[in-house]
Amino acid sequence: MRKPFIAGNWKMNMTRESGLALVRGLMEKLQGTSSQIDVAVCPPSVYLQEISSALKGSAIGVGGQNMYHEADGAFTGEVSGPMLCDLHCQYVILGHSERRQFFGETDSSVNKKTHAALKFGLTPIVCVGEMLSERESGATAQVIDTQVRGSLAGLTPEQASKIVIAYEPVWAIGTGKTATPAQAEEVHAQIRGLLTELFGKSVSDVIRIQYGGSVKPDNAGELMSQPNIDGALVGGASLKADSFAAIVLASCGLAAAK
Ligand code: PGA
């Protein structure tokens, strides 16, 4: 019922040239997979134009890593939803833990951005996740509950059916420490339950929930086989065509060697 979705979050990495080489490699390695899995890359905004053009006609989608909630105006340094659409983005990552940690984003700003992204026709990938201290003090469920409710406040069920959620435990991001499939599934199941409470079962059944945090070719398959894990948001391993393609292929049940 839910088509798996793997997105690569390049963060503040790559050059114009290495980014182009990466997407050319991905187009070659991922041919013929689009009926089984959705794939997107999220480059830094300065490279969106070039990467979008290179991917034109391929099944690989493009997303921004952030946006501001206003359409235009005096907001120095920001990028808007219509600008992302102008560069053929279909997706935008919102509320990534690095944005929350280093750039002061809150559930309330993420909520405004989520409404704006939907208004402009972008699919928001709304990120939630607990810090290590929160997990250790037993607060994970409460943190996730607050983030999901706050980030999605005011959405209609119809709007909610269009979003993607990424559960990314902060302690697993870029650390090489992946949540075990059981740890991840426990939180994914909690999020699914919350979505059912907020938007009804038929909507909650179609919302894809990605896992993120040190996803690699050798752990992707097991994570993806959990009932409520519908894909991955991949950082470090998305920067090389071999490892990102291997994650995609493992996730759609094909051998990475194919
Ligand atoms: P990572 O990053 O795969 O490098 O842990 C994931 C993310 O932050 O989206």
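The values are calculated or read from the model by the stated rules, or taken from the named source; none is laboratory data. Just so it is clear, the structure is predicted and the values come from calculations on it, not from any experiment. Here the Cβ positions follow ideal geometry from the backbone for every residue, glycine too, while neighbour counts run over all protein chains shown.
The residues of the stretch 5-25 that are away from the ligand (no atom under 16 Å from the Cβ) and under 19 Å from residue 216 (Cα atoms), listed by number, are 23, 25. Touching a residue at least 40 places away in the same chain (Cβ under 8 Å) and within 16 Å of the ligand (Cβ to nearest atom), is that true of residue 148? So residue 148 does not fit the description; no. Every test in (1) surrounded by 19 or more Cβ atoms within 10 Å (Cβ to Cβ); (2) under 17 Å from the mean Cα position of the chain (by Cα) is passed by residue 219 save one, and that test is (2).
Has the stretch 29-52 got at least one residue that is among the basic types (Lys, Arg), at pLDDT 95 or above and more than 20 Å from the chain's Cα centre (by Cα)? Give the derivation first.
Quick first cut of the stretch 29-52, residues among the basic types (Lys, Arg) only: 29.
With the extra rule that they be at pLDDT 95 or above, the set shrinks to 29.
Checking which are more than 20 Å from the chain's Cα centre (by Cα) leaves us with 29.
Checked against the condition, which is being among the basic types (Lys, Arg), at pLDDT 95 or above and more than 20 Å from the chain's Cα centre (by Cα), the stretch 29-52 yields at least one hit.
Residues in the stretch 153-179 that are surrounded by 17 or more Cβ atoms within 10 Å (Cβ to Cβ), more than 18 Å from the chain's Cα centre (by Cα) and within 16 Å of the ligand (Cβ to nearest atom): none.
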